[in-house]
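So the structure is just underneath, and the comments pick up after that.
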Ligand code: FES
């Protein structure tokens, strides 16, 4: 079940700006594009540059390390196919920006295995 987590007040993230939000090891880049808020995974799929530190052109953010571009509305990589980042739903309520993140994965070892690499010794 997704969790809606408060990121900041609406007036703390000006249009054209971004900020990093972290929860349980998940790094989320939250953007304000002309008053619309969007959230994608902060780690660039090239070499993990921090997308919240990139520069914006419309809905495209360019990674500060080597310039790969991502659409902040969808997470789609505009530079190379199949290198998209995750996108997270955002809503604003009573002046606060919320990001919806999936539940963290269950603790390792308790769930049924996927069978990969298992042995029967
Ligand atoms: S780390 Fe993002 S373009 Fe290289």
Order by neighbour count: 46, 38, fewest other Cβ atoms within 10 Å first, most last. 46, 38
Can you pull a Stokes-Einstein diffusion coefficient for the range 8-49 at 25 °C (0.890 mPa s), Rh from Kirkwood over Cα pairs, as a whole number of µm²/s? 226
Tell me, what are the semi-axes, in whole angstrom and largest first, of the equivalent ellipsoid of the chain as set by the roots of 5 times the Cα gyration tensor eigenvalues? 29, 20, 10
Mean separation of Cα contacts under 8 Å (at least 6 apart) over the residue count of the range 3-101, i.e. the relative contact order in percent, is 28
Counted neighbours (other Cβ, 10 Å), sorted fewest up, put 56, 1 in the order 1, 56
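Where a number appears in this text, it was derived from the coordinates with a stated rule and is not lab data. All of these numbers come straight from a predicted model, not from anything done at the bench. Note that each Cβ is placed from the backbone with ideal geometry, even for glycine, and that neighbours are counted across all protein chains shown.
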